[in-house]
Amino acid sequence: MEKKEGEGEGEEEQVVNPWTVSAKGGGKIDYDKLIDQFGCQRIDQSLVDRIHRLTSRAPHVFLRRGVFFAHRDLSEILDAYERGEKFYLYTGRGPSSEALHLGHLIPFMFTKYLQEAFKVPLVIQLTDDEKCMWKNLTVEESQRLARENAKDIIACGFDVTRTFIFSDFDYVGGAFYKNMVKVGKCVTYNKVVGIFGFTGEDHIGKVSFPPVQAVPSFPSSFPHLFGGQDNLRCLIPCAIDQDPYFRMTRDVAPRIGYQKPALIESSFFPAMQGETGKMSASDPNSAIYVTDSAKEIKNKINRYAFSGGQDSIEKHRELGANLEVDIPFKYLSFFLDDDAKLEEIRKVRVEYGAGRMLTGEVKQLLIQVLTELVERHRRARAAVTDEMVDAFMAVRPLPNMFN
């Protein structure tokens, strides 16, 4: 059952919201508890199989390995799609840094798969206004970072004929702003404090921001794309720390005449030093960045990637690795596409888990996989011109939306 907004926010064993991710005692996030606390549903194998059947495409590695593990109303989206009804995708990025790390790429890599598999349009919000308020950036610097981050997003391979990327500073107004006002009138100050944990020390810009992230869920916010299609459904791929925004949105939507957006939500990509939450852009050694050289990737993995291996070779060969805490294995589970090879590493009595593959060997495989991934992204980004950014961000109809 879906929880009403504000329910469950008082539980302090773990805190997960758009700005803070922490578990009690600095431990791992308990995703089962989080599902219960937020009131979403776990993605089961039947849903994965259904997506496979409807799209005639192999499920993405993030889907079949449970990286995207929770949802809201995904079954309803698939029901509508099976009836021949279309939907659109909405995701976003808060541009607060010059370059993205691998954790930032995950929702975009998955969204690209969804766009291609279902042949649907996509809107990507760059919340430069949010980062201006939360990170104490100037308006001009926030806008510059938005364009730089847009190049990394475009480099993921999105189809310009089905994709609209917009900056809040540039786009908010008109029908979009009207929907913001409608949402704002429905959410009391006490409710927004309960959902997001704002305090008396937060400036009013923060309190007023949630409707900005809410209304791309409504097709009427984009009249140049979806004019006259106010009942079009929206599916939002995002990390689960964004769930509070859309619990609020789903609570408000029926009251202002819109469909509730559906969500498909991912777990966090762990930091190099251990699986205690999500990566921190403030610690460059906690993450692999898309600007890292092959030498930097190798150095970071060898020096900082937390290992589940034993203290000595003898003990490791006797007991095997603890894959529950082993970061090289965790990273491979995100980015090694070969299911058979990953399972070979995983098995308790075969390879790594039985101690017959040493920590260094697994790290070498990870270095190879990530170096190739980052190099592919670097080449793709180098090919993105300012004119391409302008094309993606131009307010125009999308000629190939549902084809």
Self-check item: Solvent exposure of segment 1-136 as accessible area per residue, Å², 1.4 Å probe
Solution: 41
Quiz item: If one computes P(r) from the Cα atoms of the chain, what percent of pairs lie at distances over 37 Å?
Solution: 21
Practice problem: Could you work out how far helix 45-55 tilts from the main Cα principal axis of the chain, as a 0 to 90 degree angle to the nearest 10? | Solution: 60
Quiz item: Roughly what % of DSSP beta bridges within the chain run antiparallel, to the nearest 5?
Solution: 40
Quiz item: Hey, what angle do you get for helix 102-118 against the long axis of the chain, alpha-carbon based, 0 to 90 degrees rounded to 10?
Solution: 60
Exercise. Can you work out the accessible area per residue across segment 144-303, with the rest of the protein chains kept in place, probe 1.4 Å, in square angstrom?
Key: 37
Exercise. Enumerate the lysines that Lys178 could reach by cross-link, defined here as Cα to Cα under 18 Å, with residues fewer than 8 away along the same chain left out.
Key: Lys260
Practice problem: Order the following by accessible area, largest value first: Arg42, Arg83, Arg396. Probe radius 1.4 Å; ligands, DNA and RNA are ignored. | Solution: Arg83, Arg42, Arg396
Quiz item: HN-Hα J couplings of segment 158-168 from phi, Karplus 6.51/-1.76/1.60, θ = phi - 60°, integer Hz, Gly and Pro as x?
Solution: 5, 8, 5, 7, 10, 10, 10, 9, 9, 9, 4
Practice problem: Run the accessible area of the chain with a 1.4 Å probe and give the carbon-and-sulfur part as a rounded percent. | Solution: 50
Quiz prompt | Value at 222 nm in deg cm²/dmol, rounded to 500, when DSSP H runs of n ≥ 4 in the chain each add -39,500 (n - 2.57) | solution = -13500 deg cm²/dmol
Exercise. Tell me which residues come under 5 Å, amide H to amide H, from Gly274 once H is placed; ignore anything under 5 positions away on its chain.
Key: Phe306
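The values are calculated or read from the model by the stated rules, or taken from the named source; none is laboratory data. Just so you know, these numbers come straight off a predicted model, no measurement behind them. Ligands, DNA and RNA are excluded from the accessible area calculation, which covers all protein heavy atoms including side chains. Shrake-Rupley method; radii C 1.70, N 1.55, O 1.52, S 1.80 Å.
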